[in-house]
Amino acid sequence: DGGITQSPKYLFRKEGQNVTLSCEQNLNHDAMYWYRQDPGQGLRLIYYSQIVNDFQKGDIAEGYSVSREKKESFPLTVTSAQKNPTAFYLCASSMGFYDTEAFFGQGTRLTVV
Amino acid sequence: AQTVTQSQPEMSVQEAETVTLSCTYDTSESNYYLFWYKQPPSRQMILVIRQEAYKQQNATENRFSVNFQKAAKSFSLKISDSQLGDTAMYFCAFVYSGNTPLVFGKGTRLSVIA
């Protein structure tokens with residue numbers, strides 16, 4: 001079945017550590033996105049990528065980094081510079097921008113302990 | 001900047017009744033798409049309905065329909081014959097042809113009561 005897979009579902013991080021959230025899709029989609037979801041804040045864009053080896057900062061990119069070395073993979077690293085990383089993270093993909101539906105993974109809940 | 005506003009943080013409706021969720025947006029673009037996404041307690045985002053701005057006819061999907069008022073920049077979602085499974089967060093989202101990702105509102109938490 002085609003889809004978008006995020007792992008792990010739950011992740012715990014000690015303060016000062018970097019952690020990487022995985023996002024893989026087998027939909028042959030060009031565009032991929034990372035959103036952060038906090039209560040009452042909706043979904044806020046962290047980074048997005050239109051094609052392999054290219055990505056752009058979103059509204060809240062500080063403290064995060066990404067790579068897009070393969071079309072199907074778009075990992076997100078939460079660095080120690082991110083002051084408040086506890087949140088629910090959603091990865092999405094779409095065939096292209098504008099007129100196509102975005103498909104979402106099941107999310108990763110990151111907690112700083 | 002494009003913005004999406006959902007003015008109702010929480011709503012409730014009796015089972016089998018009809019409920020309308022509001023969404024307004026701000027843009028200077030003329031060509032764009034609007035979406036309603038549902039996020040049930042499982043937190044899986046599911047597309048409910050989409051509307052192309054150039055189409056005057058309101059989109060419908062079974063019990064879900066929209067009231068798209070382009071001049072007023074309004075895009076409300078009507079859920080008819082509400083079911084317990086409709087209990088979820090509902091997000092309004094917007095994208096235009098400027099090569100940018102979806103912009104989401106803050107969501108409306110809908111509870112369907114038996």
For this session: List the relative contact order of the stretch B:1-66 as a percent without decimals, with contacts defined as Cα pairs under 8 Å and 6+ residues apart.
Result: 23
For this session: Check the straight Cα-Cα distances from residue A:71 and name the aspartates and glutamates below 13 Å, setting aside those fewer than 8 residues away within the same chain.
Result: A:24, A:30, A:54
Exercise. How much length, in nm to one decimal, is gained on full extension between residue B:20 and residue B:42, taken as 0.36 nm per residue of separation minus their Cα-Cα distance?
Worked result: 5.6 nm
For this session: Please compute the net charge surrounding residue A:46, taking Lys and Arg as +1 and Asp and Glu as -1 over other residues with Cβ under 9 Å from its Cβ.
Result: +2
Exercise. Taking the Cα centre of each part, how many Å lie between the stretch A:56-71 and the stretch A:15-47?
Worked result: 9
For this session: Return the tail of the calculated pair distribution for the stretch B:19-114, meaning the percent of Cα-Cα pairs more than 17 Å apart.
Result: 47
For this session: Would you mind listing how long chain A runs along its three principal axes, going by Cα atoms, in whole Å with the largest first?
Result: 38, 28, 27
For this session: May I ask for the longest run of chain A untouched by trypsin sites (Lys or Arg not before Pro) that are loop-located per DSSP and have at most 13 neighbouring C-beta atoms (other than their own) within 10 Å?
Result: A:15-82
Problem set entry | Per-residue average of Cβ from other chains inside 10 Å of B:101-110 | 6
Seminar exercise, completed: Shielding of B:32-43 by other chains, given as the mean Cβ count within 10 Å, works out to 2
Problem set entry | Residues of type lysines that residue B:55 reaches as a straight line, Cα spacing below 22 Å, ignoring anything fewer than 8 places off in the same chain | B:70, B:73, B:78
Exercise. What residue among B:44, B:69, B:14 has the largest mean-square fluctuation in a Gaussian network model of chain B, using Cα springs under 10 Å?
Worked result: B:44
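Quick note: the coordinates plus some simple rules give every number you see, no bench work behind them. Every value quoted in this text rests on a predicted model; they were computed, and no experiment measured them. Note that we place each Cβ from the backbone using ideal geometry, even for glycine, and neighbour counts take in every protein chain shown.
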